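All remarks here apply to the structure that follows.
All of the numbers you see were taken from the coordinates with simple rules; none came from a lab. The structure displayed is predicted, hence computed values, not measured ones. Methodologically, a virtual Cβ is constructed for each residue, glycine included, from the backbone with ideal geometry; neighbour enumeration extends over all protein chains shown.
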Amino acid sequence: MIQFREFTLEDKDLISNYTFNSHRRNCDLSFSNLCSWQFLYQTQFALLDGFLILKFKAEGKTVYMMPIGKGDLKAVIEKMIAYAATQGESFCMLGVSSYMKADLERIMPDQFCFIPDRDYADYIYLRSDLSTLKGKKYQAKRNHINKFRNSYPNYRYEAITPAHIPECIALEEEWCKANHCDQHEGTGNERRALTYALNHFEELGLMGGMLFVDDKIVAFTFGMPINQTHFGVHAEKANTAIDGAYAMINYEFANQIPEQYTHINREEDLGLEGLRKSKLSYHPILLLEKHMACLKDNQTEMIKW
């Protein structure tokens, strides 16, 4: 029997030992995301035969992610399938990217059915693109930044420290009121996850930055590494009355991310038109497509989702 348990902040090094040393670059694998969204997805983990296994709830159904680790992947997946059967549940995995799909089809051919979900594709960028904004395709972004600098010549950028957390939370509250986020379940959940992350900033190992105009915070952002080459940006909030604040905090933070991280994952757009337009405007080098993979015996169940 596989023994699952909930995440605690003390599990950071244990979990990161698997995720940070893997080639997986899904934003879902950030330790901060796993902890911050645990309240919604009831995320649990287990260790089995050299692999990390993640289990969570999606629309009331139990689902898994591809095991992360080294060893006999097929044997571990077969044990996961057997475990799901003992629970009286169908077996499905979410967040299966194209190369994971290829692995599944190689080791367990014709056993899974795959359905892509564009709304949950991760936007991945070169860090050097976001930190320099070179080239004609970034001319509009450079214009926004130049306008910001001209309008607010005394602005300053600072790294987030524990002492700054109350200011970030206050800005998030202002943003939430302006966008009526408490009236929408999605933004309400985001607010809860974001507040958890800010209140446990150091324990989660987060890195972030803030933008000030006239000594008042107007934007903040934060994230953490996903693996040895990919850095995940989990949140970005700005005062929309300050023209160019979003472009500026994005640019400044990209310049502070260590050069070890050659790629930046700015997560999904969730099918929101404005968010999709914004993320595409930064010209990702990859849309990391994710699939739902279910045993073919479970295909009918999967389509109902």
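Compute the length gained on full extension between ASN199 and THR229: take 0.36 nm times their separation in residues and subtract their Cα-Cα distance, giving the result in nm to one decimal.
Details: separation 30, 0.36 × 30 = 10.80 nm, distance 2.64 nm.
Extra length from ASN199 to THR229 when fully extended: 8.2 nm.
Convex hull over the Cα atoms of region 83-178, averaged projected area in nm²?
Averaging across all directions leaves 13.0 nm² for the Cα convex hull.
Which pairs in the list LYS12/LYS70; LYS141/LYS237; LYS134/LYS216; LYS57/LYS296; LYS55/LYS296 are over 22 Å apart, alpha-carbon to alpha-carbon?
With Cα atoms farther than 22 Å apart: LYS134/LYS216.
Run the reach check for LYS136 against lysines, Cα to Cα strictly under 26 Å, same-chain hits fewer than 8 apart removed. What comes back?
LYS147, LYS277, LYS279
Given DSSP loops and a limit of at most 13 other Cβ atoms within 10 Å, what is the longest stretch of the chain that contains no such GluC sites (Glu not before Pro)?
Of all site-free stretches, the longest is 60-258.
Mind listing the lone cysteines of the chain, meaning no other Cys beta-carbon sits under 4.7 Å from theirs?
When partners are defined as cysteine Cβ atoms under 4.7 Å apart, the chain leaves CYS27, CYS35, CYS113, CYS168 without one.
Calculate, in whole percent, how much of the Cα-Cα pair population of region 64-118 lies beyond 15 Å.
Here the long-distance tail beyond 15 Å is 49 percent of all Cα pairs in region 64-118.
Taking loop as defined by DSSP and a crowding limit of 15 other beta carbons within 10 Å, which trypsin sites (Lys or Arg not before Pro) in region 1-88 fit?
Listed in order of number, the matching sites are LYS70.
Counting other C-beta atoms within 10 Å, which of SER16, SER30 has the fewest, and how do the rest follow?
Numbers: SER16 18, SER30 31.
In order of increasing Cβ crowding within 10 Å: SER16, SER30.
How far apart, in nm, are the 7 Å Cα→Cβ label points at ASP117 and MET1?
Inter-label distance under the simple model: 2.9 nm.
Which distance in nm do the two modelled labels at ASP110 and LYS177 give, with both placed 7 Å along the Cα-to-Cβ direction?
Taking the two extended label points, one gets 6.3 nm.
Computed from the mean reciprocal separation of all distinct C-alpha pairs, what Kirkwood hydrodynamic radius does the chain have, in Å?
Roughly 20.5 Å, rounded to one decimal.
Need the full-extension length gain, LYS216 to LEU275, defined as separation in residues times 0.36 nm minus the C-alpha distance. One decimal, nm.
Values: separation 59, 0.36 × 59 = 21.24 nm, distance 2.57 nm.
The span from LYS216 to LEU275 would gain 18.7 nm if fully extended.
Tell me the volume per residue, in Å³, of the convex hull enclosing the alpha carbons of region 176-305.
So the per-residue hull volume is 166 Å³.
In bins 10 Å wide, starting from 0, what share of all Cα pairs of region 203-264 does each bin hold, as a percent?
With a bin width of 10 Å, the distribution comes to 22, 51, 23, 4.
Points 7 angstrom from Cα along the Cβ direction at ALA159 and GLU259: gap in nanometres?
The two pseudo-label positions are separated by 1.7 nm.
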